[in-house]
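**Q** Please read through the structure below; I'll follow up with questions.
The values are calculated or read from the model by the stated rules, or taken from the named source; none is laboratory data. Just so it is clear, the model here is predicted, and its values are computed rather than measured. Because the Cβ atoms are built from the backbone with ideal geometry, glycine has one as well, and the counts that use them run over all protein chains shown.
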Amino acid sequence: MSSVFTRKLEERPELILNHELQPVHEDSKIRSEFGSFLGTIGRQCVPLDYVNWSRVSESEKNGWWEFVKTKYIIPKEGKDWVLKTICDAWRMYKSRFKAEYYTKYDNDEDRLKNRSQSIPLEKFKILLQYWGDEKIKSTAVKNANNRRKVIDTHTAGRTSFAQIRNDMKKVQSTPDTPTKADIYPKTRKNHEKKATKDAEGNDIEEEADANAEDMAEEAAKTVDEIDSAAHGPNWLVGRSGRTSKTRNITTHKSRKAEELATLRKEIAAEITTP
């Protein structure tokens, strides 16, 4: 991410927030870049020996937020989403670190012998003690088993659901926000392509499109039932930026931010037009 870390203040792209206080951009590549950038902060700046996110001090969080603002223009209401994203990146990195340097070995002696040099010895010992606790081990097993039960995974890759929703709204040229039933086939249709290719071994673009239409129709009928039965409120929404502090920020305010960003671009276009 050197292109972002070396970015000057005057080169910062401007992100806007949708009604869920999630950042989006007209260029989906900029939005993907932003997510990757926050991932580097989570992996490189948050110490691994913190046993959970609550151990991170407010001064550290504020420091990361201020640094993010030197690389992107983002409203202050986006702070909670940014910190949630950094937290999730840190947790994912820590999970992979545990698999490579803890779970892979049967005893602490081998773990210490093969520990990563990216973490000091004393901090690694703190992790060994934490991961070795019987209560923590039991919770980890339950979480792993629950994760294995998830089969309906999305195929959106690095593109956020918020960006997909924003792009769909732009193409449709409508003020209405796409529903979960609209989002579902957009984030799952590649499953249909992969399943058909595995079975027949040939190109099935037309059939995949038909499958996507079938999925859209089926999703419209069942997505609300599925949502309430097996998923949380953020299913097909993505990581929300709303918290107990920001839940009262209205959709109207988010739309005002979008209108302001559009107005700025129109003014800039008029200034540069001969």
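**Q** Taking residue 59, is it among the polar types (S, T, N, Q), assigned by TED's automatic domain parsing to the domain that holds residue 89 and under 14 Å from residue 86 (Cα atoms)?
**A** Working: among the polar types (S, T, N, Q): yes; assigned by TED's automatic domain parsing to the domain that holds residue 89: yes; under 14 Å from residue 86 (Cα atoms): no.
Here the answer is no, as residue 59 does not meet what is asked.
**Q** Within region 82-89, is there a residue that is over 25 Å from residue 22 (Cα atoms) and either out of contact with any Cys (no Cβ under 8 Å at 6 or more places or on another chain) or not assigned by TED's automatic domain parsing to the domain that holds residue 66 (or both)?
**A** Applying the first criterion (over 25 Å from residue 22 (Cα atoms)) to region 82-89 yields none.
Within region 82-89 (the criterion being over 25 Å from residue 22 (Cα atoms) and either out of contact with any Cys (no Cβ under 8 Å at 6 or more places or on another chain) or not assigned by TED's automatic domain parsing to the domain that holds residue 66 (or both)), the answer is no, since none of the residues qualifies.
**Q** Might you let me know whether region 105-123 holds any residue that is of a type in the set (Lys, Arg) and touching a residue at least 60 places away in the same chain (Cβ under 8 Å)?
**A** yes
**Q** Please specify each residue of region 32-47 satisfying the condition of being charged (D, E, K, R) and within 12 Å of the chain's Cα centre (by Cα). Steps first, answer last, please.
**A** Pass one, region 32-47, residues charged (D, E, K, R): 33, 43.
The one that is charged (D, E, K, R) and within 12 Å of the chain's Cα centre (by Cα): 33.
**Q** Have a look at 81, 64, 90 and point out the one that is surrounded by 15 or more Cβ atoms within 10 Å (Cβ to Cβ) and free of Cβ contacts under 8 Å to residues at least 40 places away in the same chain. Give the derivation first.
**A** Details: 81 fails: free of Cβ contacts under 8 Å to residues at least 40 places away in the same chain; 90 fails: free of Cβ contacts under 8 Å to residues at least 40 places away in the same chain.
That would be 64, the only listed residue that is surrounded by 15 or more Cβ atoms within 10 Å (Cβ to Cβ) and free of Cβ contacts under 8 Å to residues at least 40 places away in the same chain.
Here's the yes/no breakdown for (1) under 29 Å from the mean Cα position of the chain (by Cα); (2) modelled with pLDDT under 95; (3) over 18 Å from residue 34 (Cα atoms); (4) of a type in the set (Asp, Glu):
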position	(1), (2), (3), (4)
81	yes, yes, no, no
86	yes, no, no, no
92	yes, yes, no, no
117	yes, yes, yes, no
126	yes, yes, yes, no
132	no, yes, yes, no
136	yes, yes, yes, no
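**Q** Let me ask something else about it. Name the helices (runs of 4 or more DSSP H) wholly within region 66-181 that hold at least 3 residues that are closer than 29 Å to residue 240 by Cα and touching a strand residue (DSSP E or B) at 6+ places or on another chain (Cβ under 7 Å)?
**A** Working: elements: 79-98, 108-113, 121-131, 134-148, 161-172.
Filter on region 66-181 gives 161-172.
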